[in-house]
Amino acid sequence: MGIRLMGIAHAKQKLQRTLSARMGIVSATSIDVPKGHLAVYVGETHKKRFVIPISYLNHPLFQDLLNRAEEEFGFDHPMGGLTIPCSEEYFITLTSALNCS
């Protein structure tokens, strides 16, 4: 499997550009999520909102994150939406890899 790992800073910039252009990163005050997408909150202490395609839900690596979210939060998510218990850097790296696959 030839997944090229980029530097965290480069991956973060690329994901932000991609999400802004294609999926529209939505501010925390906005409730609009494009059709076929899902809002998730990511971060260990400070939570940041990302809007991702629902196709990510089928990927085994993303399912591991969902399992961790279930173990940590159950169905009581403090942000009112799906909360992913990982660092923002890891999430950006993972979603960048999923964009390439």
Exercise. Applying the selection to segment 84-93, what residues are assigned to a helix (DSSP H, G or I) and open to solvent by less than 10 Å² (accessible area, probe 1.4 Å)?
Worked result: Phe91, Ile92
For this session: Residue by residue through segment 86-101, note down the ones that are hydrophobic (A, V, I, L, M, F, W, C) and within 10 Å of the chain's Cα centre (by Cα).
Result: Cys86, Phe91, Ile92, Leu94
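The values are calculated or read from the model by the stated rules, or taken from the named source; none is laboratory data. This one's a predicted model, so the numbers in the text were calculated from it and none came from an experiment. Ligands, DNA and RNA are excluded from the accessible area calculation, which covers all protein heavy atoms including side chains. Shrake-Rupley method; radii C 1.70, N 1.55, O 1.52, S 1.80 Å.
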